[in-house]
Amino acid sequence: MAPRPHPGRQPDRGIWKHKGGIHDPDVKLADFSYQNDEIAGLIVHAWTNNGFRNGLLGGSIANRKAAAIAALQGLNNPIDLTSPIVISEEEYNHGWDSDDHDQVVFVLPNASRQANNLLESAKLLMACVPNGI
């Protein structure tokens, strides 16, 4: 899916809450990292399984949300979020407009950033804002 720049606004890196009105500017949301070995495993799975990665990053917003929910619910210690979504680093760098007040955005680090020890690479990239599915 292509980045979704907001009409009338230059795309800025990050996650943006789209507020709507012309006199009601968008708000940049905070970037943060979260450490979780199982989520690091999901990153590795997305790096090594094209079908899984394409499910997270492709299709409609509703399909991407469903894929993120399924991935988080499939963990040994499930994470229950009402509106998670996974975006690519490219989408993050072009600015992601969030129209859902409950949306939690995860950024899938580019696979090109890692070499050899995939799990440890994923853990490190999760600690680097904004990376970390």
Original post:
Within the stretch 86-96, can one find any residue that is loosely packed, with under 12 Cβ neighbours inside 10 Å and either assigned to a loop (DSSP other than H, G, I, E, B) or in contact with a strand residue (DSSP E or B) (Cβ under 7 Å, 6 or more places away or on another chain) (or both)?
Top reply: no
Original post:
With respect to A40, is the statement that it is touching a strand residue (DSSP E or B) at 6+ places or on another chain (Cβ under 9 Å), surrounded by 15 or more Cβ atoms within 10 Å (Cβ to Cβ) and at pLDDT below 95 true?
Top reply: yes
Subject >> Candidate set: the stretch 97-133, residues that are polar (S, T, N, Q) and within 12 Å of I43 (Cβ to Cβ); chosen: the one surrounded by the fewest Cβ atoms within 10 Å (Cβ to Cβ) >> reply: N110
Original post:
Going through the stretch 1-37 one residue at a time, which ones are out of contact with any Asp or Glu (no Cβ under 8 Å at 6 or more places or on another chain), at pLDDT 65 or above, surrounded by fewer than 15 Cβ atoms within 10 Å (Cβ to Cβ) and among the charged types (D, E, K, R)?
Top reply: D12, R13, D37
Subject >> The lone exception for N63 - which of (1) surrounded by fewer than 19 Cβ atoms within 10 Å (Cβ to Cβ); (2) under 24 Å from D12 (Cβ atoms) it fails >> reply: (2)
**OP:** Within the stretch 99-107, identify whether any single residue is free of Cβ contacts under 8 Å to residues at least 60 places away in the same chain and in a helix (DSSP H, G or I), and answer yes or no.
**Re:** no
Subject >> Close pairs from the stretch 38-60: first closer than 9 Å to L108 by Cα, partner at pLDDT 95 or above and surrounded by fewer than 17 Cβ atoms within 10 Å (Cβ to Cβ), Cβ under 7 Å, at least 6 apart >> reply: A46/F52
**OP:** Considering only residues that are aromatic (F, W, Y) and more than 14 Å from K65 (Cα to Cα), look in the stretch 78-125 and name the one that is nearest to the chain's Cα centre (by Cα).
**Re:** Y92
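The values are calculated or read from the model by the stated rules, or taken from the named source; none is laboratory data. Because the structure is a prediction, the values reported are computed rather than measured. For neighbour counting, all protein chains shown are included, and Cβ atoms are generated from backbone atoms with ideal geometry for every residue, glycine included.
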